[in-house]
Amino acid sequence: METLVLVLLPLLFSMLLIGVFRSKIRSNIIAISMTFISFSISLFFLISRFYEQESYNWFNIHTYTFSISLSGNGLSLIMATFVSLISLIVLIFSGFYIRNGKQERYYFEMSLFIFSMLGLVLSSSLLLFYIFWELISLSSYLLINFWYKSNKATISARKVFFFTRIGDISLLVAISVLFLLFGTFNIQYIVNNI
């Protein structure tokens with residue numbers, strides 16, 4: 001198994017467990033422990049100066065191969081450690097406030113958000129970056145609309161969803177222009193050739 005995926009796997013496992021078993025398990029313990037594991041792995045990679053780039057072929061169109069790649073350089077590992085640490089703190093303290101029957105939903109949505117943020121900071125492909133960006137938009141909408149019975153929360157979630165669509169379309173246009181100019185989605189290649 002590739003190593004950078006280890007940072008993302010605990011949160012994927014957390015979403016799977018919470019989503020499948022719902023009320024049969026303590027979702028807060030799973031989400032907190034899996035986020036702690038992601039934090040520990042990120043911190044270990046950062047301290048040991050483990051820098052790596054992993055690339056996986058996704059699909060081909062004619063002669064171009066679309067690949068998704070993760071980059072474990074100094075900056076991305078600092079950000080992954082920071083994201084997982086702040087997320088861990090948020091999960092621990094939100095446990096004091098989320099004590100009703102919606103706890104599983106909240107921790108599932110938070111695990112999705114953390115997974116998306118970690119994927120965003122570790123991605124070295126603009127295509128993968130955009131996918132994680134969209135997952136962040138989705139999880140933000142879900143978290144803002146967590147108290148969906150409240151009219152204010154629903155209105156706020158709709159506003160956020162609308163305004164993030166504008167940003168998403170702009171980002172997609174920018175990524176398309178970069179692809180047309182450089183012929184690749186690889187962020188490092190684009191940065192080196194500007």
**Prompt:** Over the heavy atoms of ARG158, what accessible area does a 1.4 Å probe trace out, to the nearest 10 Å²?
**Reply:** 150
**Prompt:** Relative to the first principal axis of the alpha-carbon coordinates of the chain, what is the inclination of helix 103-122, with its axis defined by its Cα atoms, in degrees from 0 to 90 and to the nearest 10?
**Reply:** 20
**Prompt:** Once segment 17-96 is represented by equal point scatterers at the alpha-carbon sites, with solvent omitted, what log10 I(q)/I(0) does the Debye formula produce at q = 0.26 Å⁻¹?
**Reply:** -1.09
**Prompt:** Which distance in nm do the two modelled labels at PHE82 and LEU178 give, with both placed 7 Å along the Cα-to-Cβ direction?
**Reply:** 1.8
**Request:** For PHE66, list long-range residues whose amide hydrogen, built 1.01 Å from N in the peptide plane, is under 5 Å from its own amide hydrogen.
**Result:** TRP58, PHE59, ASN60, ILE61
**Request:** Would you mind telling me the share, in percent, of accessible area of the chain contributed by carbon and sulfur at probe 1.4 angstrom?
**Result:** 71
**Complete:** Counting only protein heavy atoms and rolling a 1.4 Å probe, one gets per residue an accessible area for segment 73-119 in Å² of 46
**Prompt:** Can you count the Lys pairs in the chain with C-alpha separation below 21 Å, eight or more apart or on different chains?
**Reply:** 4
**Fill in**
Taking the convex hull of the alpha-carbon atoms of the chain and averaging its shadow over every direction gives an area in square nanometres of 12.4
**Item:** Nearest 10 degrees, 0 to 90: helix 126-144 Cα axis against the chain principal axis
**Value:** 20
**Item:** Structure-based [θ]222 nm, the chain - -39500 (n - 2.57) summed over DSSP H runs of at least 4, per residue, nearest 500
**Value:** -24000 deg cm²/dmol
**Asked** Can you give me the relative contact order of the chain as a percent, contacts being Cα pairs under 8 Å and 6 or more apart?
**Response** 20
**Request:** Please sort by residue number the chymotrypsin sites (Phe, Trp or Tyr not before Pro) in segment 61-131 whose DSSP state is loop and whose Cβ has at most 15 other Cβ atoms within 10 Å.
**Result:** PHE96, TYR97
**Accessible-area order (highest first, 1.4 angstrom probe) of the listed residues LYS102, LYS152** = LYS152, LYS102
**Prompt:** Against the longest alpha carbon principal axis of the chain, how many degrees, from 0 to 90 and to the nearest 10, is the axis of helix 151-182 turned?
**Reply:** 10
**Message:** If Rh is defined by the Kirkwood formula over all Cα pairs and Rg also comes from Cα, what ratio Rg/Rh do you get for segment 87-194?
**Reply:** 1.08
**Request:** Compute the separation of the alpha-carbon centres of segment 93-125 and segment 166-194 and state it in Å as a whole number.
**Result:** 28
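The values are calculated or read from the model by the stated rules, or taken from the named source; none is laboratory data. Predicted model, so just to flag it, every value in this text is computed and none were measured. Don't worry about glycine lacking a Cβ; one is built from the backbone with ideal geometry, like all the others, and counts go over all protein chains shown. When the accessible area is computed, the model is the full protein with side chains, heavy atoms only, and any ligands, DNA or RNA have been set aside. Shrake-Rupley method; radii C 1.70, N 1.55, O 1.52, S 1.80 Å.
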